[in-house]
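Nothing in this text is a laboratory measurement; each read-out follows from the coordinates by a stated rule. The structure displayed is predicted, hence computed values, not measured ones. Quick reminder, even Gly has a Cβ in these numbers, built from the backbone with ideal geometry, and neighbours come from all protein chains shown.
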Amino acid sequence: MMRSTVIKLYLSLLLTACLPACGAANVDTGTLFSGTAPADYLRGKYSPAEHPLFVRLSPQEVPTDGRPQYLRKEAAEKLSALYREFQKEHPGVRFQVVSSTRTWDDQKWIWEGKWKGSILVDGQRLNETIQEPLDRAKKILQYSSMPGTSRHHWGTDFDLNELYNEYYDHGEGAVLYDWMKKNAHRFGFCQPYTAGRNAGYQEERWHWSYMPLSAQFISLWKKLYQEMKGAIFGADEFAGAAHAGHLALLYVETINQECK
């Protein structure tokens, strides 16, 4: 049996056994994962378009950027209710999901694009400007996760409108962000990456998470990582993994306390 298959089997058994201890005592594996191996689900190694627990966001119910956007059914329903409430108070103000569930391959494309220089970071090709691998990884980690570590793998998180904080300082961005800060919690959503944290990703005013599910998934992800360090991803599964892998837990768990 190949080593990767053995690891996958071990991780799935580990997570199935730990569910009660991980804050999911009232939810069985069928409800959380519906036949997908837990280790695969938590690392984004599945297709949301084919998964029975996911739905594609309807632009009539939640505006999107035109690309297929998927979330867990529970999160999508609450987001639709949130949008209707927002629209009543602020008709015509832009509210648009521009990113939602991302698979391992999606996240690998983003990460390696930045690592290898095909995607610019602050106008730079990092493969040319930052030669030290750990320093390059930390630069990317300001706003982008390594494959296997992104909250977007879980079907609970999404990004709104524009992916830079200054947008939310004025105009429609400020209207949206102020409303979300005051009201999102009523629908189960929170902002994971707030200002003022002492580690982890930078502030992301556009990123919101459906806490009733994501709080369970983060506990399970941490259990997976702590029980078998390095098994989230192999050292050769994406560029820079061998240099940055030890940072995974820090970046996953350093979030807004209200999201835990």
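Among (1) 119; (2) 131; (3) 192, find the value of volume of the Cα convex hull per residue in Å³ that was calculated from the structure presented, and write down its label. Correct label, based on the coordinates given: (2). 3J(HN,Hα) along the range 207-212: 9, 10, 9, 8, 5, x Hz, from the Karplus curve 6.51 cos²θ - 1.76 cosθ + 1.60 with θ = phi - 60°, whole Hz, x for Gly and Pro. Could you tell me the calculated FRET efficiency between LEU163 and SER34, based on Cβ-Cβ distance and R0 = 45 angstrom, to the nearest 0.05? It comes to 0.90.
For the chain, the dipole from Cβ point charges (+1 on Lys and Arg, -1 on Asp and Glu) about the Cα centre works out to 480 debye, to the nearest 20. Quick check for you: which residues of the range 210-225 have the amide N under 14 Å from the point 7 Å beyond the Cα of LEU250 toward its beta carbon? The answer is none, because no backbone nitrogen lies closer than 14 Å to the label point. Of the residues ILE140, THR194, CYS259, the one whose Cα sits farthest toward the positive end of the charge dipole of the range 3-259, with +1 on the Cβ of Lys and Arg and -1 on the Cβ of Asp and Glu, is CYS259. Near THR64, the amide H atoms lying under 5 Å from its own belong to VAL97; only residues 5 or more places off or on other chains count, and H is placed 1.01 Å from N.
Note that the range 33-45 has calculated 3J(HN,Hα) couplings of 10, 6, x, 7, 4, x, 5, 5, 4, 5, 9, x, 9 Hz, one per residue in order, obtained from phi through the Karplus relation 6.51 cos²θ - 1.76 cosθ + 1.60 (θ = phi - 60°); glycine and proline are x.
Counting 0.36 nm for each residue step from ARG94 to GLU61 and taking away their Cα separation leaves a gain of 10.5 nm. At an R0 of 45 angstrom, the distance between the Cβ atoms of ILE119 and GLU74 translates into a FRET efficiency of 0.90.
When LYS139, LYS108 are sorted by how many other C-beta atoms sit within 10 angstrom of their C-beta, beginning with the fewest, the order is LYS139, LYS108.
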